[in-house]
Amino acid sequence: MLESTHHRKQTKSTILKIKIMKSQLQIILVSLLPLGVFNLCAQVNDKPMKMQSAMTELWEPVPEIVTPGQADITGSTTAPSDAIVLFDGKNLAAWENKDGKAAEWTVHDDVFTVNKGKGDIFTKQSFEDFQLHIEWSVPEGVTGEGQRRGNSGIFLQNVYEVQVVDSYENLTYVNGQAGSVYKQSPPLKNAMRPPGGWNVFDIIYTAPRFKENGTLILPAYVTVIHNGVVIQNHTQITGHTPNTGLPKYKPHGPGPIRLQDHNDPSEAISFRNIWIREM
């Protein structure tokens, strides 16, 4: 009889210890849940834990503070505090030609204009994932039709072209309109301002990724906002953007932004207020 009583006491003691351990485990789980260490469906005492607001609150890491730029009624926005300014109206110090020499496009009145015949210009700095803000204008009274009117291009990483062309009451193939991924994806809408006005592109770009052997892991993606209108929505880029032929990927690393001297016979377009944020 004494042995049985002693056994029951030991059993009760063991059960009490287990309950204490479970209680302690519950406290630990609740403290770790906001960090996503344990699944929210974890069970203690054979019952789901009661959800509390604190369980889904994240406190770290704290986002870096960025001072945003100032916008005007035309959609022009000054550079935020963490941006790299590529053109501020003064000079083309951030740009060069294909030979690595000074860019020879013309700077005037806080803008720069394509100097036809002098070739494309490239940023001296190379980029991978980024947000690019760029403003461009087709001159009032521009002449020509289709792709021969106000044509240029913005090449992301020097490979993938977002088309620049006068698409205001100017008929051309849709995957060659302003804001298209050239010869691939037409813009969702035509948000073009008339010649003489300024067009604003905000481009969010994710670079492709390649294995060491050159195999594509992830394709490039681009979102383009034209004068406040989304015209490319996380569009997959299927390869380079040639005028003739089909797109394909070749492995590459970070690359510059290239602006095209299309050399069509129409009057030259101009650019202003260019900045970029690496992501």
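Projected area of the stretch 31-185, taken from the Cα convex hull and averaged over every viewing direction, in nm²?
On the way: hull surface 62.5 nm².
Quarter of the Cα hull surface area: 15.6 nm².
In this structure the amide hydrogen of residue 273, modeled in the peptide plane, comes within under 5 Å of the amide hydrogens of 89, none closer than 5 places in sequence on its chain.
Among the GluC sites (Glu not before Pro) in the stretch 145-203, those placed in a DSSP loop whose Cβ has at most 12 other Cβ atoms within 10 Å are 145, 169. Neighbour counting of Cβ atoms within 10 Å sorts the residues 272, 149, fewest neighbours leading, into 272, 149.
Here the 3J(HN,Hα) profile of the stretch 195-202, calculated from phi with Karplus coefficients 6.51, -1.76 and 1.60 at θ = phi - 60°, is x, x, x, 9, 9, 10, 10, 10 Hz, Gly and Pro shown as x. For the stretch 92-194, the set of chymotrypsin sites (Phe, Trp or Tyr not before Pro) satisfying both a DSSP loop assignment and a count of at most 14 other C-beta atoms within 10 Å is given as 173. Phi angles across the stretch 92-98 convert, under the Karplus curve 6.51 cos²θ - 1.76 cosθ + 1.60 with θ = phi - 60°, into 3J(HN,Hα) values of 9, 4, 8, 10, 8, 8, 5 Hz, Gly and Pro given as x. Database remark: amide H of residue 121 closer than 5 angstrom to the amide H of 259, 261 (H placed geometrically; neighbours at sequence offset of 5 or more, or on other chains; Pro and chain starts carry no H).
Read-outs throughout are calculated quantities, based only on the coordinates presented, and are distinct from any laboratory measurement. None of these values were measured; they are calculated from a predicted model. So basically every Cβ, Gly included, is an ideal-geometry build from the backbone, and we count neighbours across all protein chains shown.
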